[in-house]
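Chemist: What follows is a single structure, and I will ask about it in a moment.
The values are calculated or read from the model by the stated rules, or taken from the named source; none is laboratory data. Computed from a predicted model, the values in this text were never measured in an experiment. When we count neighbours, we look across all protein chains shown, and the Cβ atoms used for this are built from the backbone with ideal geometry, even at glycine. The accessibility values were calculated without ligands, DNA or RNA, using every heavy atom of the protein model including side chains. Shrake-Rupley method; radii C 1.70, N 1.55, O 1.52, S 1.80 Å.
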Amino acid sequence: MPKQRLKPGALVKIELGNGSLAFGRVLDRSQLAFYNFIVREGDLLNLDSVYGSPVAFVLSVMDSAVKSGRWTIVDSRPMEAELQVPRQYFLQDAITGQVSIYRSSDGATRESTLAECSGLERAAVWDPEHVEDRLRDHFANRPNRWVEQLRLKQSAC
């Protein structure tokens with residue numbers, strides 16, 4: 001399979017290995033938005049239904065997921081304004097428990113409180129296999145072990 005380029009706006013198809021397909025959208029700086037949309041392999045795909053679905057979560061993902069062709073680019077459209085908004089992630093020191101907020105648009109960080117970090121994703125670059133696990137768990141409505149491992153620790157040492 002020829003190499004694919006990470007281009008903002010590209011829609012990728014993700015085979016979940018259970019007969020289902022999920023979809024993600026390339027944002028910027030290796031970030032992808034994953035749609036709350038799933039379809040069975042072989043079913044007729046309406047791209048407007050994918051694009052019209054809400055975003056389940058946004059993560060930074062290893063470039064190899066798309067560049068290697070593991071996740072296939074199936075379409076590309078200009079991004080909607082809400083997908084162009086810079087994302088914030090939390091960082092947490094494993095020893096002290098201190099937290100800060102990382103801004104995706106420029107890599108800047110600032111000190112923060114636990115309350116400000118609540119509800120944010122941890123700043124991490126996900127392997128495609130772990131994202132696929134998370135998507136399977138998301139659609140099965142069950143906890144995901146990778147999310148649990150990366151969860152914000154509420155008490156500082």
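Chemist: Suppose a student asked you for the relative contact order of region 19-157, using Cα pairs under 8 Å spaced at least 6 residues apart; what percent would you report?
Modeler: Computed over region 19-157, the figure is 19 percent.
Chemist: Here is a further query. Return the Cα extents of the chain along principal axes one, two and three, sorted largest first, each rounded to a whole Å.
Modeler: That works out to 52, 32, 28 Å along the principal axes.
Chemist: Calculate what fraction, in whole %, of the accessible area of region 65-118 sits on carbon and sulfur atoms when a 1.4 Å probe is rolled over the protein chains.
Modeler: Roughly 52 percent, rounded to a whole number.
Chemist: Right, another one. Taking only protein heavy atoms into account and a 1.4 Å probe, give the accessible area per residue of the chain in Å².
Modeler: Computed with neighbouring chains in place, this is 56 Å² per residue.
Chemist: Shifting gears a bit: Which residues in region 118-157 place their backbone N less than 17 Å from a point set 7 Å from the Cα of S53 along the Cα-to-Cβ direction?
Modeler: In region 118-157, the label zone of S53 (backbone N under 17 Å from the point 7 Å along Cα→Cβ) covers 131-142.
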